[in-house]
Amino acid sequence: MAKRSKKTVKNSSSLTNSSLYTQKVMEHFMNPHNMGEIEDADSVGEAGNAVCGDVMYLYLKIEKNRIKDIKFKTLGCAAAIATSSMVTDMAKGKTLDEALKITNKQVAEKLGGLPAIKMHCSVLAQQALKNAIENYLKRNLKK
Amino acid sequence: MRRIYADYAATTPVRKEAIRAMSPYFDKHFGNPSSLHADGRIAADAIKNSRKIIADIINASPEEIIFTSGGTESDNLAIRGIASSNQKNGNHIITSAVEHHAVLNTVKDLEKEGFDVTIIPVNKYGEVDPKEIERAITKKTILISVMHANNEIGTIQPIGEIGKTAKKHSVPFHVDAVQTFCHLPIDVKRMNIDLLSVSSHKIGGPKGVGALYVRKGLEIKPLFTGGPHEFNKRAGTENVAGIVGFAKAAEIANKEMEREKRRLEKLRDRIIDSILSSVPGSRLNGHPKNRLANNVNFGFVGVEGEALLLMLDSMGISASTGSACSSHNLSPSHVLLALDPDPVKAHGSLRITLGYKTTEKEVDYIIKAIQISVKKIREITPKIEGVTTY
Ligand SMILES: Cc1ncc(COP(=O)(O)O)c(C=O)c1O
Ligand code: FES
């Protein structure tokens, strides 16, 4: 009984009382981190979701194989925006190899989980990051 | 934070008067309307009075009103009921592309069972052309089902004209009036309507109760077997309190209908005019004038609807969206797609529906909140030529 009432309190304190998303998702959605563009980016990544028509752009500033700065722009649902924000937090300061190892599951976990139907949104964020790094590596290999 | 409810097309708060009217039928007058004793007779009388109230509002006779569990059941009973009892006359059903799922999924189910279904497309405002209905009629047509007004975009259909066509060809005509009952005048005789679905929770009544009008003499097979309730058309002990609350809500809503319609139209147009003139890249979905007095449906370029909905939610506003991201199958609403097949346009849809408790002050707050939210979301949106630019 005590357990149950605790749960109710937790739910009602979340930003929207919405049971769809965790408080963490809502925080990142309402105040996304690293949002914007990098004018002189070293690489830009793009990912799109053909199913619902959402897109994400990810901008990287790279120094000595390490992500110095990272920004994003996303057209999509709250989960897409929150995972975009979270993936930039996670990748910032990491080496390219480390950043490539970030999985969409890790991003979702950091957000306290996503509803099953929204897992594909986290793929968007992870793929935009991967795309940006791969674009960079391709260009630098050619050099 | 005080919340502003702007989702009256989804459901409405139950009117105080309805709650008060229902209350005795839970405990004091708890009898089963089928019982012969005094307790039963009191309950039966309550249903009788309620039936008369609903019948009078649409110019029907009480024996033509079947109480159901709501709009969905009424739609199912009408369509399946006609389909099952008319198999000897034909197997063709005509409906429109913008019907509620309660109708659309029912006819699609019948299609699997071997019925022929013609789905009439709509114009860019969501209107059905009665001539197209007439052209679709064949010797085998056993039912035309068209909604009175659409729940998403508010577009009102030419029911009177379609009724005339149906009568001319002697085809039974079903109207889903869930969004218009007690919001627009309905006269089943003058409009040549044979079956009409209504629901209680859209007019300030409780959820889980509704009615189907079935024109006298029209045969429909019941959905389930059981006792002789509701003139042998709907077995099961009646939801007495629900029916009483439904009738009370209908009585009040019907009395206030004209005045409320004029009041809401002003509020609706205030939102539409303010947003269209102040937010670039905004668009009105549905017809500019021929729409429900309480319905506003916008599209915003470069804005995803679920994000917009949650942003408004965080500002205390309850609204709705037809965006793909908010749906379970990740496809945009079939209604928006019927108006314009470009899924990008359905992306930023926002539905605001007003009701009897909505005030001018609330409307002004809603306008401001939309302006702020759209701006905030667009700051996150990447610029993509032809997709997010306007
Ligand atoms: C047009 C229309 N038809 C049918 C329904 C279903 O009504 P109910 O919720 O009472 O089953 C609704 C409400 O969602 C509706 O808007
Ligand atoms: S981005 Fe479309 S559902 Fe999340």
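The values are calculated or read from the model by the stated rules, or taken from the named source; none is laboratory data. Because the structure is predicted, anything quoted here is derived from the model rather than measured. Don't worry about glycine lacking a Cβ; one is built from the backbone with ideal geometry, like all the others, and counts go over all protein chains shown. Note: accessible area is taken over every heavy atom of the protein model, side chains too, but ligands, DNA and RNA are not part of it. Shrake-Rupley method; radii C 1.70, N 1.55, O 1.52, S 1.80 Å.
So if I check each of B:V188, B:V175, which one is over 11 Å from the mean Cα position of the chain (by Cα), crowded, with 20+ Cβ neighbours inside 10 Å and at pLDDT 95 or above?
On the way: B:V175 fails: over 11 Å from the mean Cα position of the chain (by Cα).
Every option except B:V188 fails the conditions.
When B:I203 is evaluated against the numbered criteria (1) open to solvent by 10 Å² or more (accessible area, probe 1.4 Å); (2) touching a Cys at 6+ places or on another chain (Cβ under 9 Å), which criterion, by number, is the only one it fails?
(1)
What do you reckon, is A:T88 within 14 Å of chain B (Cβ to nearest Cβ), within 16 Å of ligand 2 (Cβ to nearest atom) and modelled with pLDDT of 95 or more?
Working: within 14 Å of chain B (Cβ to nearest Cβ): yes; within 16 Å of ligand 2 (Cβ to nearest atom): no; modelled with pLDDT of 95 or more: yes.
Answer is no for this residue.
Within segment B:276-390, which strands (runs of 3 or more DSSP E) (wholly inside it) include 2 or more residues that are surrounded by 24 or more Cβ atoms within 10 Å (Cβ to Cβ) and in contact (Cβ under 8 Å) with a residue 24 or more places away in the chain?
On the way: elements: B:282-284, B:295-300, B:349-353.
Here the list reads B:295-300, B:349-353.
Give the residue, chosen from B:I377, B:I370, B:I366, B:I317, that is at the interface with chain A (Cβ under 9 Å from one of its Cβ atoms) and over 20 Å from the mean Cα position of the chain (by Cα).
Working: B:I370 fails: at the interface with chain A (Cβ under 9 Å from one of its Cβ atoms); B:I366 fails: at the interface with chain A (Cβ under 9 Å from one of its Cβ atoms); B:I317 fails: at the interface with chain A (Cβ under 9 Å from one of its Cβ atoms).
One residue alone meets the criteria, B:I377.
Do any helices (runs of 4 or more DSSP H) entirely within segment A:61-120 hold 1 or more residues that are touching a Pro at 6+ places or on another chain (Cβ under 7 Å) and open to solvent by less than 40 Å² (accessible area, probe 1.4 Å), and if so, which? Don't jump to the end; show me each part of the working.
Values: elements: A:78-91, A:96-100, A:104-110.
Helices (runs of 4 or more DSSP H) meeting the threshold: A:78-91.
Could you tell me whether any residue of segment A:129-141 is within 14 Å of chain B (Cβ to nearest Cβ) and under 19 Å from A:I81 (Cα atoms)? Lay out the reasoning, then the answer.
Filtering segment A:129-141 for residues within 14 Å of chain B (Cβ to nearest Cβ) gives A:131-132.
So of that shortlist, the ones also under 19 Å from A:I81 (Cα atoms) come out as A:131-132.
Within segment A:129-141 (the criterion being within 14 Å of chain B (Cβ to nearest Cβ) and under 19 Å from A:I81 (Cα atoms)), the answer is yes, since at least one residue qualifies.
Applying the selection to segment B:219-249, what residues are in a loop (DSSP other than H, G, I, E, B), open to solvent by less than 30 Å² (accessible area, probe 1.4 Å) and within 18 Å of B:S85 (Cβ to Cβ)?
Within segment B:219-249, B:I220, B:A235 qualify.
Suppose we filter segment A:47-69 for residues that are charged (D, E, K, R) and either within 12 Å of A:I133 (Cα to Cα) or within 10 Å of ligand 2 (Cβ to nearest atom) (or both); how many remain? Quick ask: steps written out before the conclusion?
Taking segment A:47-69 first, the residues charged (D, E, K, R) are A:54, A:61, A:63-64, A:66, A:68-69.
Next cut, either within 12 Å of A:I133 (Cα to Cα) or within 10 Å of ligand 2 (Cβ to nearest atom) (or both) only: A:54, A:61, A:66.
Total satisfying the criteria: 3.
From B:E260, B:E251, B:E360, grab the single residue that is among the acidic types (D, E) and either farther than 22 Å from B:I4 by Cα or touching a strand residue (DSSP E or B) at 6+ places or on another chain (Cβ under 8 Å) (or both). Break it down into steps so the answer makes sense when it comes.
On the way: B:E260 fails: either farther than 22 Å from B:I4 by Cα or touching a strand residue (DSSP E or B) at 6+ places or on another chain (Cβ under 8 Å) (or both); B:E360 fails: either farther than 22 Å from B:I4 by Cα or touching a strand residue (DSSP E or B) at 6+ places or on another chain (Cβ under 8 Å) (or both).
It is B:E251.
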